[in-house]
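K.L.:
Have a look at this one before I ask anything.
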Amino acid sequence: MKAQGLARIGKDAEVRFTPGGTAVANVTLAFTYGKKGEDGKRPTQWVDASIWGQRAEPMAPYLTKGKQIVAYLEDVHLQTYTKNDGTTNAKMVARLADFEFVSEGSGDGQRAAPAQRQALAPRQAPAPQGSGFDDMNDDIPF
């Protein structure tokens, strides 16, 4: 399953290596959803995400607690585990396929700068030269 959304990094990324030498950066992401509760806060879904391969080690220093990113997740699933006391719990895990930074600093209600918002907008190719748009009638009713 794939998913994407606006998330805040919950703790600094940690890099580890597999026995084969592949770098893996683990990062915790917080996604808010739904309506605000009586306490004025929206519910949060925590996701344990990982970046694999050659991007893991160089990107980890930038994935620090509190930064806001647009996360593109792959292989999203629930992983069950048993605690020491015998209870069974589940957590959401995923592979962080790609991401974009939204804002710098603590992000206390900050919005992305115009250049950053533009980077998140869908990219459109410029209209080809001589497309005939110059001779179109400007009285189109819509």
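The values are calculated or read from the model by the stated rules, or taken from the named source; none is laboratory data. Please read these numbers as outputs of a predicted model, since none were measured by experiment. Ideal geometry is used to build each Cβ from the backbone, glycine not excepted, and the neighbour counts take in all protein chains shown. Keep in mind that these areas ignore ligands, DNA and RNA; they rest on the heavy atoms of the full protein, side chains included. Shrake-Rupley method; radii C 1.70, N 1.55, O 1.52, S 1.80 Å.
K.L.:
With θ taken as phi - 60° and the coefficients 6.51, -1.76 and 1.60, list the Karplus ³J(HN,Hα) couplings across the range 57-66 in order, rounded to whole Hz; mark glycine and proline as x.
P.N.:
The phi angles translate into 5, x, 8, 4, x, 8, 8, 10, 3, x Hz.
K.L.:
Mind listing the long-range amide H neighbours of Asp12? Cut-off is under 5 Å, sequence gap 5 or more, other chains count too, H placed in the peptide plane at 1.01 Å from N.
P.N.:
Sorted by chain and number, the residues that satisfy this are Lys65.
K.L.:
Full-extension gain between Gln45 and Thr82, please, as 0.36 nm times their residue separation minus the C-alpha to C-alpha distance.
P.N.:
Extra length available between Gln45 and Thr82 comes to 11.3 nm.
K.L.:
Using the heavy atoms of the protein chains and a 1.4 angstrom probe, tell me the accessible area per residue for the range 1-88 in square angstrom.
P.N.:
Per-residue value: 68 Å².
K.L.:
Taking the highest mean first, how do the peptides 43-49, 88-94 order by number of other beta carbon atoms within 10 angstrom per residue?
P.N.:
Highest to lowest by the protection proxy: 43-49, 88-94.
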